[in-house]
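The structure appears right after this line, and notes come after that.
No value in this document is a laboratory result; all are computed from the given coordinates. All figures in this text were calculated on a predicted structure; none of them were measured in a lab. Glycine also receives a Cβ, built like all others from the backbone with ideal geometry; neighbour counts cover every protein chain displayed.
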Amino acid sequence: MKKLTILFIICMLSISSVGCSLAVSADKKGKTRPEVIAHRGADDRAPEETMPAFKLAVEDKVDYLEMDLRQTKDNKLVLMHDSTLNRTTNGKGDVSRYTLKQLKKLDAGSWFSKKYKNERIITLEELINRYGSKTKYFIETRLVDNKLKMEEPLIKLLYKKGLIKKKKVVIESFSAMSLQEIHKLNKSVPLVQLTLFKSKKDFTNKNIKEWKKYAVGIGLDSSLIDKQLIKKLHQNNLKVYVFFFNAKNEKSEQKRVINVGADGVFTNHINYTKSLMKSSK
Ligand code: G3P
């Protein structure tokens, strides 16, 4: 089994190309615009990370569906943000303590609205089987019990589905270790390093030099964004992807960060973001 795994990794390394970048989206006139990344699907209109949330986002023709991976007790990759079931299902406790079969019995929709009662937790594979290369995927990895566990099954799945070759995937993580492991398995997947910094001062030359070794972009909270920081990251060939920890001012912040040159937004309001693209000069 171990031999097979090593063979698989070598095979993927040998056919993957080194150094790639994300395509910048362009409108019909060829003008570049920031990428619209549906944070956990259309999470303002349907329960986050469920099939209906992704369906709405695909219908809205976003550039990317954004999603979080969690690994089940039987090593399946499911889409869920929190480590526990408590907030978004009628279950309790850590996702990793349950098998997929057990998780599939839970109601992952009622917490959001009665309309979505009995909506199920889904696997990444189910989402890919539904939409294939019709959309693009911005997938967040994380360590499991502080260990590298999900990277190999993830790359195997994306490879099997042909999504890496077709450039349909970006992998993002707060864990540099996880991202670096992804590149050991396949060098051609674009990586985005998510950061939790509270100050612009943390974007030091030392940090930037390190990120540039493997990442094509940086993810950061909108509160840190200004022209100067964007310029610094762009000068280092790092794209800037913005998330919004403060839900209350997300819309005004979206407008601001797009105006100062962000390359993509993890939006919780797809239609609003798209309206900004239309009205921008
Ligand atoms: O995925 C980008 C950003 O939203 C990261 O924050 O908490 O949604 O994983 P979180």
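A few remarks follow.
- Cβ-based net charge around Glu48, under 11 Å, with every Lys or Arg adding one and every Asp or Glu removing one: -4
- ³J(HN,Hα), Karplus 6.51/-1.76/1.60, whole Hz, each residue of the range 188-198, x for Gly, Pro: 8, 7, x, 10, 10, 7, 7, 10, 10, 4, 9
- Using θ = phi - 60° and Karplus 6.51 cos²θ - 1.76 cosθ + 1.60, couplings along the range 157-163 (whole Hz; Gly, Pro as x): 5, 5, 5, 4, 7, x, 7
- Proximal aspartates and glutamates to Lys166, defined as alpha-carbon separation beneath 16 angstrom and excluding residues fewer than eight positions away on the same chain: Asp63
- Restricting the calculation to Cα atoms, the chain yields a radius of gyration followed by a Dmax of 18.5, 56 Å.
- Anisotropy class of the range 29-169 from Cα gyration tensor, a/c 1.5 cut: oblate
- Every helix of 4 or more DSSP H residues in the chain counts as -39500 (n - 2.57), and over all residues that averages to -9500 deg cm²/dmol at 222 nm.
- Converting phi to 3J(HN,Hα) with the Karplus coefficients 6.51, -1.76 and 1.60 and the offset θ = phi - 60°, the range 229-241 yields 5, 4, 4, 4, 5, 5, 4, 9, 6, 10, 7, 10, 10 Hz in sequence order, with x at every glycine or proline.
- Among the listed pairs Lys115/Lys251; Lys147/Lys213; Lys187/Lys232; Lys212/Lys251; Lys104/Lys136; Lys61/Lys92, those beyond 32 Å (Cα-Cα): Lys61/Lys92
- Sparse-neighbour loop sites [chymotrypsin sites (Phe, Trp or Tyr not before Pro); the range 75-116; at most 16 other C-beta within 10 Å; DSSP]: Trp111
- Structural descriptor for the range 71-183: relative contact order 21 percent, calculated from alpha carbon pairs under 8 angstrom and at least 6 residues apart.
- Over the chain, Cα pairs under 8 Å with separation of 6+ residues give a relative contact order of 18 percent.
- Close amide H pairs (under 5 Å, H built 1.01 Å from N) link Val144 with Lys149, Met150, residues at least 5 positions away or on another chain.
- Taking amide H atoms as placed 1.01 Å from N in the peptide plane, the amide H of Phe138 lies under 5 Å from those of Leu65, Glu66, Met67, Val170, each 5 or more residues away in sequence or on another chain.
- Size of electric dipole in the chain: Cβ of Lys, Arg +1 and of Asp, Glu -1, about Cα centre, debye, nearest 20: 560
- Contact order relative to length of the range 138-279, as percent, for alpha carbon pairs under 8 angstrom and 6 or more apart: 16
- Cα-centre dipole for the range 109-239 with unit charges at Cβ (Lys and Arg positive, Asp and Glu negative), debye to 20: 480
- Net length available on complete extension from Leu100 to Ser133 is 9.4 nm, with 0.36 nm assigned per residue and the Cα-Cα distance removed.
- Loop-located trypsin sites (Lys or Arg not before Pro) in the range 177-211, at most 14 other Cβ atoms within 10 Å (DSSP): Lys198
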